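Single-structure report; data block below.
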Amino acid sequence: MASIASTSHISRPRLPVWVINSALVLLIAAMWPLDRVLAENMNQYYLRILILIGLNVILATSLNLINGITGQFSLGHAGFMAIGAYAAGSLMKYFGTTGTQSAIALPALLAVGGFWAAVAGLLVGIPTLRLRGDYLAIATLGFGEIINTLILNTEQIGPFEIGGSSGLHGIPIRTDFFWAYAAVIVCVACVWRLAYSAKGLAFRAVREDEVAAAAMGIDTTYYKVLAFVIGAFFAGVAGGLYATFDGNLAPESFRFMRSIEIVVMVVLGGSGSVTGAVVAAAVLTYLPEQLRFSNQWRMVIYSLALILMMILRPEGLLGGRELFRWRRRTAMPVAPADSGPRGT
């Protein structure tokens, strides 16, 4: 019997981690002067679209960790976004920070919004992520509707205004290009590193075959809840950015269809592809704006474009691939299995 040989692929970074981290810090710092240039020279309409693209990139990338990389089917992402939006927006309106104080307060309030969204993700995740497939989708859909109902019927929590069915208005506007894309860089970098790390292998194992992953000793519930909590955190951050960018929050902005829009971005980009989610979020944010010339036919054209895309390329724009290969694979031979004595 011929001996059996196999290989194990170990991903190693081309550059030291500290070099990559330093490059990310410098990239975030570069957003500050670029923000000044865009604010002074770019049409405000297109600058608004650019910032909305950034917010949708955060939402699509964070949901991709849950739906694409871990293989769950969540329809409650708009609920996490709503928690982050109302938490950050209510606090910002209450404290009303200005000037230098707002530059310090904004990231803190975004972290608070993300934290409460992550807590909600944990509370929902522990009982529901033992479910699979359609049952999980229904459970997360119900969670999103519960959050929306609570917002509609809550005027105030202590000294903090929520606004109820009329919405929360008069939030100080603090989000600009710098803050939006600084958060984009952090979110994409975190999800990328999770996806292509040892933990990422566990996430993907849960996606491919949950029963087999559990048989190999992987705590599938832990990894599903972890993906849910991390994805919810970044959705809360995106919600906080949206609240302090638009200045007004309406409960209708976080209904079921908002979750569907984010899911479409993940599917169109290619489930499991981080850069695919980024590209799809940009396309699906920009395209409807460019179709405004057609008035009542705008959504018809938009829907037909999505249908054609799914027919012609059902695996999404990038499938499971990435635009850039920042990591190389080194083949490490594994000792061949014992094939027993050879026959003569």
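The values are calculated or read from the model by the stated rules, or taken from the named source; none is laboratory data. Every value quoted in this text rests on a predicted model; they were computed, and no experiment measured them. FYI the Cβ positions are ideal-geometry reconstructions off the backbone, even for glycines, and counts take in every protein chain you see.
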**OP:** Inspect all residues belonging to segment 232-252 and state whether any of them is without any contact (Cβ under 8 Å) to a residue 24 or more places away in the chain and within 26 Å of Ser165 (Cβ to Cβ).
**Re:** yes
**OP:** Return a yes/no flag: does segment 307-323 have any residue that is touching a residue at least 12 places away in the same chain (Cβ under 8 Å), part of a helix (DSSP H, G or I) and β-branched (Val, Ile, Thr).
**Re:** no
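To keep it simple, each residue is scored yes or no on (1) part of a helix (DSSP H, G or I); (2) of a type outside the set (A, V, I, L, M, F, W, C); (3) within 20 Å of Gln72 (Cβ to Cβ).
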| position | (1), (2), (3) |
| --- | --- |
| Ala202 | yes, no, yes |
| Ala205 | yes, no, yes |
| Thr221 | yes, yes, yes |
| Gly240 | yes, yes, no |
| Gly272 | no, yes, yes |
Original post:
Can you tell me how many residues in segment 31-63 are within 26 Å of the chain's Cα centre (by Cα) and polar (S, T, N, Q)?
Top reply: 4
**OP:** Kindly check whether there is at least one residue in segment 255-268 that is under 20 Å from Thr175 (Cβ atoms), in contact with a His (Cβ under 6 Å, 6 or more places away or on another chain), at pLDDT 90 or above and in a helix (DSSP H, G or I).
**Re:** yes
Original post:
Filtering segment 114-157 down to residues that are in a helix (DSSP H, G or I) and touching a Gly at 6+ places or on another chain (Cβ under 6 Å), which residue is surrounded by the most Cβ atoms within 10 Å (Cβ to Cβ)?
Top reply: Ala117
Original post:
Quick one: what pairs do we get from segment 144-166, first residue more than 13 Å from Ala87 (Cα to Cα) and in contact (Cβ under 8 Å) with a residue 24 or more places away in the chain, second in a helix (DSSP H, G or I) and among the acidic types (Asp, Glu), C-beta under 9 Å, 6+ apart or different chains?
Top reply: Asn148/Glu252
Original post:
Which members of segment 291-306 meet the condition of being surrounded by 11 or more Cβ atoms within 10 Å (Cβ to Cβ) and either in a helix (DSSP H, G or I) or at pLDDT 80 or above (or both)?
Top reply: Ser294, Trp297, Arg298, Met299, Val300, Ile301, Tyr302, Leu304, Ala305, Leu306
Subject >> Any pair with Cβ under 6 angstrom, 6 or more apart, that starts in segment 209-220 at a residue that is farther than 14 Å from Arg132 by Cβ and ends at one that is modelled with pLDDT of 90 or more and not β-branched (Val, Ile, Thr) >> reply: Ile218/Ala202; Ile218/Ala205
